[in-house]
Amino acid sequence: MCTVIMRVPELPDETVRILAVRDEDADRPWLPLAASWPERPGVVGVRDVRAGGAWLAADASARRLAILLNRHSPEVPDGIAPISRGGIALQAVAGKPIAPTEAVPGFNLVDVRPDGVRIITWDGTTRTEVAVPPGVHMIAHHDLDDARSARIVAWHDTFARAAAEWDADDPADAPSWEESWLAVLARSAQLDPTDERAIIRDNRPLGYPTQSLLLCTAEVGPDGVAVEYAELAHPGRWSPITLVPPA
């Protein structure tokens, strides 16, 4: 299951910072961060080749970014054809309402807008939407900052301390905020990828085909949206990375 770490500022004219790790079946093809939807000028994202949707999508001119995380939910009822969740992030950055039906499996959507950050949740029967308050937060396959997610319990405070230290330093003399958080991510990867506390994951021994494959960092603020992308050299295993902007 994917993981998102975010820092939401006190004031709306300050910058939201995000680190997002994607877990997916390594055999399911995707396109790296790029403008992969010709029918949606200005939108960049990580495109799922099979269904055509996006795990992450951003529109700089609209100052919107969305990230889709799978969420534990009941199976789609018998007799109903499941609908892919892939279009949800694209709908969000277009400013369209998110109104799932029972044909859509559960999800958490991190929806970053000019007026703040919201989490839209669908558990297969009920849709909820909550504003994310200022501070550092994490979300995986449960609720925001949910203690049921062992990785949140293990690493939330460490990411928060790294963010506070970066804010207190002179940025000209300190590592970037991305470097600070990636250093925490590297520390977390010392855990076995099947450990419930791990962020870089290999879920196959747990009965799921997903492994951590890639990550993105993002800044959303008054100047628009800046997103960068990196792939892990080997699924489910940490390796030195180089973040790159959209192709």
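The values are calculated or read from the model by the stated rules, or taken from the named source; none is laboratory data. These numbers come from a predicted model, not from an experiment. In this analysis, Cβ positions are derived from the backbone assuming ideal geometry, glycine residues included, and neighbour counts consider all displayed protein chains.
Considering each residue of the range 195-214 in turn, at least one proves to be in a strand (DSSP E or B) and either among the β-branched types (Val, Ile, Thr) or without any contact (Cβ under 8 Å) to a residue 24 or more places away in the chain (or both).
Report, by residue number, each residue of the range 124-141 that is part of a loop (DSSP other than H, G, I, E, B) and surrounded by 17 or more Cβ atoms within 10 Å (Cβ to Cβ).
Filtering the range 124-141 down to residues part of a loop (DSSP other than H, G, I, E, B) leaves 124-126, 132-134, 140-141.
Scanning the range 124-141 gives GLY124, VAL132, ALA140, HIS141.
Pairing each residue of the range 118-142 that is within 18 Å of ILE88 (Cβ to Cβ) and at pLDDT 95 or above with any residue that is hydrophobic (A, V, I, L, M, F, W, C) and surrounded by fewer than 17 Cβ atoms within 10 Å (Cβ to Cβ), provided the two are 6+ apart or on different chains, yields C-beta distances under 9 Å for ARG118/VAL130; ARG118/ALA131; ILE119/VAL130; ILE119/ALA131; ILE120/VAL130; THR121/VAL130; ARG127/ALA99. In the range 64-87, the count of residues that are within 14 Å of the chain's Cα centre (by Cα), surrounded by 15 or more Cβ atoms within 10 Å (Cβ to Cβ), part of a loop (DSSP other than H, G, I, E, B) and of a type outside the set (D, E, K, R) is one or more. Answer with yes or no whether SER176 is modelled with pLDDT under 95 and in contact with a helix residue (DSSP H, G or I) (Cβ under 9 Å, 6 or more places away or on another chain). Here the answer is yes, as SER176 does meet what is asked. Answer yes if at least one residue in the range 223-233 is part of a loop (DSSP other than H, G, I, E, B), in contact (Cβ under 8 Å) with a residue 60 or more places away in the chain and closer than 18 Å to ALA34 by Cβ, and no otherwise. No, the range 223-233 contains no residue that is part of a loop (DSSP other than H, G, I, E, B), in contact (Cβ under 8 Å) with a residue 60 or more places away in the chain and closer than 18 Å to ALA34 by Cβ.
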